[in-house]
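Data block below; observations after.
The values are calculated or read from the model by the stated rules, or taken from the named source; none is laboratory data. Everything numeric in this text was worked out from a predicted model, so none of it was measured. Virtual Cβ from ideal backbone geometry, glycine too; neighbours counted across all protein chains shown. Remember, those area values only see protein heavy atoms, side chains included, never the ligands or the DNA or RNA. Shrake-Rupley method; radii C 1.70, N 1.55, O 1.52, S 1.80 Å.
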Amino acid sequence: MNTPLVFDRSLVRRRLARALNQGYADFLLVRAVEDLEERLSTVLRTFSLALDVGTPTPIAAEMLRRTGRAETVIRLASVPEAGSILGDEERLPFSGARFDLAVSLLSLHGVNDLPGALIQIRHALKADGLFIGALLGGSTLTELRQSLTQAEAEIEGGVSPRVAPFADLRDIGGLLQRAGFALPVTDSDVVRVRYANAFALMQDLRRMGLTNALHDRRKTPLRRVTLMRTAEIYAERFGDADGRIPATFEIVWLSGWTPHESQQKPLRPGSAKVRLADALGVKEGGPEDEPKGG
């Protein structure tokens with residue numbers, strides 16, 4: 001079955017390269033790296049060989065080296081970068097189970113085949129290897145999405161795809177299981193950033209490489225009058241009392257382990273060794289113990 005082309009992957013790479021050349025807006029990525037460091041602090045293990053899959057800058061790989069969480073880190077970058085392997089998150093250039101840890105921050109939301117990318121990451125990990133990833137989730141840029149839709153409908157009489165469809169938190173756990181990961185865990189971190197206006201937000205999106213790279217995007221630029229109306233609607237519908245506007249970014253976290261016999265497994269129904277009442281330290285009651293009506 002052919003994977004639907006949601007993103008123009010070559011354009012995704014060009015947009016990221018432009019953002020890096022202009023000065024990458026890294027506030028979300030810095031937050032994600034700090035969160036990754038905290039999450040790894042609960043894992044009582046040092047990883048001998050780690051893989052960074054497509055994080056936009058080397059900041060995650062640098063943290064793994066600086067903190068000593070990984071002895072060696074190999075970084076796969078989607079644009080040319082000194083000291084990194086140039087490659088695509090959808091086609092990992094590794095054979096066999098080599099890595100003890102794989103991380104990917106703010107990258108996998110831009111792939112066409114997320115289930116396939118997760119499967120490749122699992123195949124690259126050794127047994128009992130850990131994957132931790134973060135990608136933009138479904139509520140990201142909801143204010144901009146709604147404002148653009150209304151402005152285009154008013155001004156141009158129709159709507160074209162402008163903002164990427166981000167993954168929903170409820171679906172991610174299922175994708176991890178489909179990819180063969182054990183002990184999957186998902187959660188989300190909702191970040192709200194305030195801007196002077198919609199144009200300041202759009203400038204930051206450009207500096208993160210997040211401007212429109214949809215495969216079925218309209219090839220002509222958005223008309224100036226539509227942009228102006230988008231900014232007006234944004235301010236009217238979502239603006240704060242001081243005139244600034246909020247922008248929502250949802251960072252969805254996902255983690256899982258490659259299966260290993262040492263991992264905890266759920267008990268079969270009826271196989272518990274201790275009664276619930278004993279574990280809770282209470283008397284196990286029956287119908288005769290129910291309060292009598294007076």
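The residue that is farthest from R15 (Cα to Cα), counting only those in region 56-86 that are under 19 Å from the mean Cα position of the chain (by Cα) and not aliphatic (A, V, I, L, M), is R75. Collect the residues in region 110-121 that are surrounded by fewer than 21 Cβ atoms within 10 Å (Cβ to Cβ) and in contact with a Leu (Cβ under 9 Å, 6 or more places away or on another chain), keeping them in residue-number order. Once the filter is applied, which keeps residues that are surrounded by fewer than 21 Cβ atoms within 10 Å (Cβ to Cβ) and in contact with a Leu (Cβ under 9 Å, 6 or more places away or on another chain), region 110-121 yields N112, P115, Q120. All told, E38 falls short of being surrounded by fewer than 19 Cβ atoms within 10 Å (Cβ to Cβ), charged (D, E, K, R), modelled with pLDDT of 95 or more and not in a helix (DSSP H, G or I).
Examine region 219-228 for a residue that is farther than 30 Å from A127 by Cα, modelled with pLDDT of 95 or more and open to solvent by less than 40 Å² (accessible area, probe 1.4 Å), and state whether such a residue exists. Checked region 219-228: no residue is farther than 30 Å from A127 by Cα, modelled with pLDDT of 95 or more and open to solvent by less than 40 Å² (accessible area, probe 1.4 Å).
Which residue is surrounded by the fewest Cβ atoms within 10 Å (Cβ to Cβ), if the candidates are limited to region 60-73 and must be out of contact with any Ser or Thr (no Cβ under 8 Å at 6 or more places or on another chain) and without any contact (Cβ under 8 Å) to a residue 40 or more places away in the chain?
R66
Of note, A32 does not satisfy the criterion of being touching an Asp or Glu at 6+ places or on another chain (Cβ under 6 Å), touching a residue at least 60 places away in the same chain (Cβ under 8 Å) and either under 17 Å from Q203 (Cβ atoms) or of a type outside the set (D, E) (or both).
On inspection, A241 qualifies as loosely packed, with under 13 Cβ neighbours inside 10 Å, assigned to a loop (DSSP other than H, G, I, E, B) and either out of contact with any Cys (no Cβ under 8 Å at 6 or more places or on another chain) or at pLDDT below 90 (or both). Can you tell me which residues in region 148-171 are surrounded by 18 or more Cβ atoms within 10 Å (Cβ to Cβ) and either at pLDDT 95 or above or in contact with a Gly (Cβ under 7 Å, 6 or more places away or on another chain) (or both)? Selection gives E152, F166, A167. Per the conditions (1) open to solvent by less than 40 Å² (accessible area, probe 1.4 Å); (2) polar (S, T, N, Q); (3) farther than 16 Å from G209 by Cβ; (4) touching a Gly at 6+ places or on another chain (Cβ under 7 Å), the sole criterion not satisfied by S78 is (3).
Give the residues of region 86-97 that are assigned to a strand (DSSP E or B) and open to solvent by 70 Å² or more (accessible area, probe 1.4 Å), sorted by residue number. Please lay out each step first, then the result.
Filtering region 86-97 for residues assigned to a strand (DSSP E or B) gives 86, 88, 91.
Once the filter is applied, which keeps residues that are assigned to a strand (DSSP E or B) and open to solvent by 70 Å² or more (accessible area, probe 1.4 Å), region 86-97 yields L86, R91.
Taken over region 18-35, the criterion of being part of a helix (DSSP H, G or I) and open to solvent by 30 Å² or more (accessible area, probe 1.4 Å) is satisfied by R18, L20, N21, Q22, F27, V30, R31, E34, D35.
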